[in-house]
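Following: one structure in structure tokens, then a few remarks.
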Amino acid sequence: MTRLICALLACFTATLLSPVATVHANPYPQGDAEKGAKVFKKCVSCHMIGAKAKNRVGPHLNNIIGREIAVLEDYRYSKAMKAYADVEPVWSEAVLDAYLANPRKAVKGTRMSFAGLRKEKDRHNVIAYLKQASE
């Protein structure tokens, strides 16, 4: 019995110390950036991304993941978006996903007129594209 406990303990310890065990998986589902580029075409009338991106009707989306909400100095945010920043200070993948699903529901009073991306896959793909295009 003692040998069994020692063997199990050794196996458990080896598993904890292995390189595979120390890799932290991203809990947010990964999308396809190539497909996301196609879906992003719905956004280009108001938003830009990439090396030459500037603000349009909406702010540029460079480095949106991990960026604080409503902080670009050269963009005039709505009062609703500024208030939302007090509740959700950073654009995480999950926060952006919820916003893209239904912007008007996520941010009451937002000026963004886009109805949202209903398909979860589309949102994941756009977020993957936003991450890739910001690098």
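Worth a mention:
- Scope the stretch 91-125; condition of a type in the set (D, E) and either in contact with a Phe, Trp or Tyr (Cβ under 9 Å, 6 or more places away or on another chain) or assigned to a loop (DSSP other than H, G, I, E, B) (or both); matching residues: E93, D97
- Counting the residues of the stretch 93-135 that are of a type in the set (S, T, Y) and touching a residue at least 40 places away in the same chain (Cβ under 8 Å) gives 2.
- Residue list for the stretch 44-63, restricted to those being under 17 Å from R111 (Cβ atoms), surrounded by 18 or more Cβ atoms within 10 Å (Cβ to Cβ) and touching a residue at least 24 places away in the same chain (Cβ under 8 Å): L61
- Residue count, the stretch 107-134 (criterion: crowded, with 20+ Cβ neighbours inside 10 Å and hydroxyl-bearing (S, T, Y)): 1
- Complete set of residues in the stretch 71-90 that are charged (D, E, K, R) and either part of a helix (DSSP H, G or I) or farther than 15 Å from P59 by Cβ (or both): K79, K82, D86, E88
- Just one of (1) more than 16 Å from C43 (Cα to Cα); (2) surrounded by 18 or more Cβ atoms within 10 Å (Cβ to Cβ); (3) in contact (Cβ under 8 Å) with a residue 24 or more places away in the chain; (4) hydrophobic (A, V, I, L, M, F, W, C) fails for V90. It is (2).
- A25 passes every criterion in (1) more than 16 Å from the chain's Cα centre (by Cα); (2) of a type in the set (G, A, S); (3) at pLDDT below 95 apart from (1).
The values are calculated or read from the model by the stated rules, or taken from the named source; none is laboratory data. Small disclaimer: the values here were computed from a predicted structure and weren't measured. Cβ coordinates were reconstructed from backbone atoms using ideal geometry, including for glycine residues, and neighbour counts include every protein chain displayed.
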